[in-house]
Amino acid sequence: MAPKLSRNQSANQLTILKFKRHRSTYTLPFTFPNKSTITVDHFITQLIDAINNSGGLLLEDKDDASYDNEINEDDIEVPKSELIDDDGDVKLEEGGDDNRKSVTKNDISIAIPKDKSSPYDNQWIPIDDANLKDLIFSDYDILAFKYVNDGDFEVIEAAYEDQ
């Protein structure tokens, strides 16, 4: 027998939000049991967990011209001789991307677009606990986030070319 739906379906709705910074996007699920439990700290905690669990925040974003003309390193075949040490064992690469950093709550701030229908205009309103209680979120709403050293909130719309 299929489970029955609760009569109070809106009490614990799952909403999926997209947090964007430059070209980076983190898509996270949230439940909003009631308005009093929604805080900016909750959003930021979930976001920094996602950022840190995915390898850290990419600090330097590539500009459009160099990004489009750059060779993708994944397309270059690594010679097998570089992966085998003197004993004949396969070496694993150590170290990570120096441009990535683990973040804390104090490093991140979030904002909502002034016009929800055009978030790529990059006109943002920083979110605090006071204005957060008045907001209603829909699935896949876009919120911007910035690192403490970033100037303004900025997101870049992905452009795809048919080949």
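We did not get these values from a lab; they are worked out from the coordinates using the rules stated. This one's a predicted model, so the numbers in the text were calculated from it and none came from an experiment. Don't worry about glycine lacking a Cβ; one is built from the backbone with ideal geometry, like all the others, and counts go over all protein chains shown.
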Using packing as a proxy for protection, rank 142-149, 53-60 so that the peptide with the highest average count of other Cβ atoms within 10 Å comes first.
142-149, 53-60
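Around Ile44, with a cut-off of 11 angstrom between Cβ atoms, what is the net charge of the other residues, counting Lys and Arg +1 and Asp and Glu -1?
Numbers: positive: Lys105; negative: Asp41, Asp49, Asp107.
That works out to -2.
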If amide hydrogens are placed 1.01 Å from N in the peptide plane, which non-local residues have theirs closer than 5 Å to the one on Leu143?
Lys18, Phe19, Lys20
Using modelled backbone amide H atoms (1.01 Å from N, in-plane), which distant-in-sequence or interchain residues come within less than 5 Å of Phe30's amide H?
Thr15, Ile16, Leu17
What residues qualify as long-range amide H neighbours of Ile125, i.e. H under 5 Å apart, gap of 5 or more or another chain, H built at 1.01 Å from N?
Ile112, Lys114
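With r defined as the distance between the Cβ atoms of Tyr147 and Ser118 and R0 fixed at 25 Å, what FRET efficiency is calculated, to the nearest 0.05?
Details: r = 24 Å, r/R0 = 0.94.
Efficiency for this residue pair is about 0.60.
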